[in-house]
Amino acid sequence: MDKNKLWKWLVLGFLVIWSIALVTPLDQKVKLGLDLRGGSSFVVEVDADDVAKKMVENPDNEISSVEEISASDLKREVERVQEIAVEVIRNRIDVLGTSEPEIYPEGDSRIVVRLPGADAQTRAEAKAQMSRDAVLTFKLIHKESDAWAAELLAEGKIPEGYKMGGQDRGGAFLIRDQSVLDAALDRDFFEQLKKFGGKRADYMLMEDRAQDGSKIFRPQFVERRKQLGGDTVQNAFVTYDQMTSVPKISLEFDGEGKKTFGNVTEQYGPTEDGSYRMLAIILDDKLYSAPRINEPIYSGRAEISGSFSVTEARRLVNVLRAGALPGRVKIVEERTVAPTLGQDSIDGGKKALIYGGVGVLVFMALYYMLPGLIANLSLVFVLLLLPVGMVVAAGFLGVLSGSLEGGAVGLPTLTLYGIAGIVLTVGMAVDANVLIFERMREEWKVGKSISGAINAGYNKAFSTILDANVTTLLVAVILFWQGSGPIRGFAVTLSAGILVSMFIVLVITRLFFNSMADAKLIKSLKMMSIPGLANASFDFIGKRKIAATLSILVIVGTWGLFASKGDDNLGVDFTGGTVMAFEFDQKQDGDTVREALASMGFPSAKVAYESDLHGKEFLEVKVGASGEEAEPALNVVKALEGNYRDVKNDSVGSQIGEELKSKGIKAIIFALIGIIIYISIRFEFAFAMGAITALAHDVLITVGVYCALGHELSMPIIAALLTIVGYSVNDTIVVFDRIREDLKLVKGKSYKEIVNLSINQTLSRTVLTSFTTLLTVVMLLVFGDGAVFDFALALCIGILVGTYSSIFVATPVVLFWHREEKVK
């Protein structure tokens, strides 16, 4: 054995051992994404407006209004707040006991929080922990508070959402009415409430309990000047009133806080004339209590009393211990998958991979015989080396996009779309083998030796394989750059599949063939052929006008329907809103669900019952609200009879929706521009125009047909469209490469004749590759549920359309540039 071959075998052995080591043991090395394991993910964003407001309030800053803050200063402060908020949120989540939470910054103002395996209770608790600022302040109740409150009540001025409740020993009090729904009593509402009455103090409502235990609200005017902040709190814990057993929150100040608290209580203690002041204890702009200052308190201890439940008191203690957020954060995206749904996805993915892979292996062995068996062996090695490929691809893409988290490169988290990428890799890895085998067949037919046919087949197929895979890799890079979460996982898997399959097919399978040829183990290159395609001579170009008419009719028809449906074509990824899926024990009719949702302020909610592949029925609810605003919809459905349980929840804020829509459009545009540049360099501009026309055709028809079938566009579908772009240009480049070759070899024919000849010469490969890729994608359709089914459906449409366009769209456009041109 020569040294060159020996080194190749050694490299292969090393890579196999490394790859196996990366995933062994599987349960410890391979991390499952939330869509497989179940759990919740959140994207929270630092509120820039609140940060600007706090910059103005900070006495150390010589700023009197928000307008004076420069964009660069605000950006720096938002980044500082983001950095602190990551640690504060991590501290708060840690107390929940969630296994292996992932919390990291994203961009300049966002934080990603992933909670694998989190149940509904943990998810709700995590949302509550993240939503709280935990900003504790001590202020004084204004001296004129009682008089001003009485004045407003005498004039009949009561804030919206409340009404007069009565009077007791504590004074007049208000009670809630339903002119403002509970869901609307958010931060913005209470911020505006402070201005009610137009006094020189903040109007606030202190929650209390009437003698019958009902909830009441006592109006108070609070001075705006802060006496003491929560940053001086050293410890917090729950205590209980000895008489009523009602929980309270006890605070201990640090040295500085102890001194300040003592000074405040001394300064505002009872005076000689018998007057006294009250200390307002405010947490997150909510007035919890206003105890009377009876004497100086030098012990450094204080209590927050209120109508707490034990759970709420413990939650407040946790956030106080974890520290206050330096600026408000808001949840702009939330996605939840129940563990049971995740296991179903794993099972479906496994079946798709097994059946798709076995189908491809059987077909290749039967059709290509001995070369097919070698191709099957190469597919096994492709799967074996995928872990190494993923590590390399993740590192490469991370460096390229500047997004390596923590600077580490390792095996990426396996997601549902990652499994889809693996299944697709199996189908696409066959393509290079088919190209080489068809070339080897041609060289064998003209009388070359076994070794000569093998080497000529590899040499002539190399440029086609390179061009086809580089364009697909370009698409994967753009997907990673513009995508996030599972989409990036798919991009990594796709990139890994391309890199590994090129190495295995171009280096290792060639090594197998040459080694067997040198050992005289290959006597001939027998392969089956498709009847009618071996020496095909169809007049495809002559039918180009009929094909163009058909394409135009399909595009106009489906896009006319698309336009009539408007925003109904778009999922919450692009419009913003929330989609929830529920399982249940006893089904309620759709009208009952709609009425319940309408009663909570969601009259336009979309309600539908759908079944998965196992026949299990789910309720799907879609509302326009997101985040906390969508919580009432979730709760009202769960309160229905029949034990409704949420198993999936995708909530996307309108801002995120606009960003995802913009990213999706940019990703497709950048992919098209990249392909134009690459094909123009490798071929010529006419070929680039042919490829781009075909790609635009494929995207338009795929989107049109997909939406006409009643499905919505989402970010995963954009990923599918980009994959289709990569696959379609791959198919087109094979034809273009043969045209380029025939232009050099065939003389005396018109450009039209050569183009038609090239299409017929590559027709067998086109059909075979489309068949093997479709075989694996169809397995995803058969065994995939929900989003993966939609993803596979878009791919299936795109592969069929892409095969058609490489013949009837791309090449006629190239011909248009060279019409009636004779080859010299």
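The values are calculated or read from the model by the stated rules, or taken from the named source; none is laboratory data. If you're wondering where the values come from, they're calculated on a predicted model, not measured in any experiment. Using ideal geometry, Cβ is built from the backbone for each residue, glycine included, and neighbour counts are taken over all protein chains shown. Only protein heavy atoms, including side chains, enter the accessible area calculation; ligands, DNA and RNA are left aside. Shrake-Rupley method; radii C 1.70, N 1.55, O 1.52, S 1.80 Å.
So the values come out like this:
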read-out: Residue list for segment 47-77, restricted to those being more than 22 Å from ILE111 (Cβ to Cβ), assigned to a helix (DSSP H, G or I) and at pLDDT 75 or above; value: VAL56, VAL66, GLU67, GLU68
read-out: Matching residues in segment 578-588 - criterion: being out of contact with any strand residue (DSSP E or B) (no Cβ under 6 Å at 6 or more places or on another chain) and of a type outside the set (Phe, Trp, Tyr); value: ASP585, GLN586, LYS587, GLN588
read-out: Number of positions in segment 636-658 that are open to solvent by 50 Å² or more (accessible area, probe 1.4 Å) and in contact with an Asp or Glu (Cβ under 9 Å, 6 or more places away or on another chain); value: 5
read-out: Selection status of VAL238, more than 30 Å from ALA630 (Cβ to Cβ) and either modelled with pLDDT under 85 or charged (D, E, K, R) (or both); value: no
read-out: Meets criteria (modelled with pLDDT under 75 and surrounded by fewer than 19 Cβ atoms within 10 Å (Cβ to Cβ)) for ILE354; value: no
read-out: Test: residue in segment 659-681 that is surrounded by 14 or more Cβ atoms within 10 Å (Cβ to Cβ) and in contact with a Gly (Cβ under 7 Å, 6 or more places away or on another chain); value: no
read-out: Every residue from segment 568-594 that is more than 27 Å from the chain's Cα centre (by Cα), touching a residue at least 40 places away in the same chain (Cβ under 8 Å) and not in a loop (DSSP other than H, G, I, E, B); value: THR592, VAL593
read-out: Residue among ARG335, ARG321 that is in contact with a strand residue (DSSP E or B) (Cβ under 6 Å, 6 or more places away or on another chain), open to solvent by 20 Å² or more (accessible area, probe 1.4 Å) and modelled with pLDDT under 80; value: ARG321
read-out: Candidate set from segment 154-183 (those that are in contact (Cβ under 8 Å) with a residue 40 or more places away in the chain and part of a helix (DSSP H, G or I)); member that is surrounded by the fewest Cβ atoms within 10 Å (Cβ to Cβ); value: ASP182
read-out: Output for segment 731-761, where each listed residue is under 20 Å from TYR678 (Cβ atoms) and open to solvent by 10 Å² or more (accessible area, probe 1.4 Å); value: ARG738, ARG740, GLU741, LEU743
read-out: Which numbered condition LEU96 fails, given (1) under 22 Å from VAL647 (Cβ atoms); (2) within 23 Å of the chain's Cα centre (by Cα); value: (2)
read-out: Segment 704-730: number of residues that are touching a residue at least 24 places away in the same chain (Cβ under 8 Å) and either open to solvent by 10 Å² or more (accessible area, probe 1.4 Å) or polar (S, T, N, Q) (or both); value: 14
read-out: Test result for LEU768, open to solvent by less than 10 Å² (accessible area, probe 1.4 Å), at pLDDT 80 or above and farther than 13 Å from ALA694 by Cα; value: yes
read-out: Complete set of residues in segment 104-153 that are basic (Lys, Arg) and either assigned to a loop (DSSP other than H, G, I, E, B) or open to solvent by 50 Å² or more (accessible area, probe 1.4 Å) (or both); value: ARG114, ARG132, LYS143
read-out: Residue tally, condition within 14 Å of GLY421 (Cα to Cα) and open to solvent by 30 Å² or more (accessible area, probe 1.4 Å), over segment 788-802; value: 1
read-out: Helices (runs of 4 or more DSSP H) (entirely within segment 461-567) containing at least 2 residues that are within 30 Å of ASP650 (Cα to Cα) and open to solvent by 40 Å² or more (accessible area, probe 1.4 Å); value: 486-503, 544-565
read-out: Members of segment 211-237 found to be open to solvent by less than 30 Å² (accessible area, probe 1.4 Å) and under 22 Å from LYS157 (Cα atoms), listed by number; value: ILE216, PHE217, ARG218, PRO219, GLN220, PHE221, VAL222
read-out: Candidate set: segment 550-583, residues that are at positive phi and touching a helix residue (DSSP H, G or I) at 6+ places or on another chain (Cβ under 8 Å); chosen: the one modelled with the highest pLDDT; value: GLY577
read-out: Selection count where residues are in a loop (DSSP other than H, G, I, E, B) and of a type outside the set (A, V, I, L, M), scope segment 263-308; value: 23
read-out: Residues located in segment 69-103, provided they are in contact with a strand residue (DSSP E or B) (Cβ under 8 Å, 6 or more places away or on another chain) and open to solvent by less than 40 Å² (accessible area, probe 1.4 Å); value: VAL78, VAL81, GLN82, ALA85, VAL86, ILE89, ILE93, THR98, ILE103
read-out: Residues that are under 29 Å from GLY257 (Cβ atoms) and more than 41 Å from the chain's Cα centre (by Cα), drawn from segment 180-201; value: ARG200, ALA201
read-out: Residues of segment 596-635 satisfying the condition of being free of Cβ contacts under 8 Å to residues at least 40 places away in the same chain and loosely packed, with under 15 Cβ neighbours inside 10 Å; value: ALA598, SER599, PRO603, SER604, ALA608, GLU610, SER611, GLY615, LYS616, GLU617, ASN635
read-out: Count of residues meeting criterion [part of a helix (DSSP H, G or I), in contact with a strand residue (DSSP E or B) (Cβ under 9 Å, 6 or more places away or on another chain) and open to solvent by 50 Å² or more (accessible area, probe 1.4 Å)] in segment 238-262; value: 3
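Residue-wise test of (1) surrounded by fewer than 20 Cβ atoms within 10 Å (Cβ to Cβ); (2) part of a helix (DSSP H, G or I); (3) in contact (Cβ under 8 Å) with a residue 40 or more places away in the chain.
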| site | (1), (2), (3) |
| --- | --- |
| LYS5 | yes, yes, yes |
| ILE17 | yes, yes, no |
| LEU22 | yes, yes, yes |
| ASP27 | yes, yes, no |
| SER41 | no, no, yes |
| GLU45 | no, no, yes |
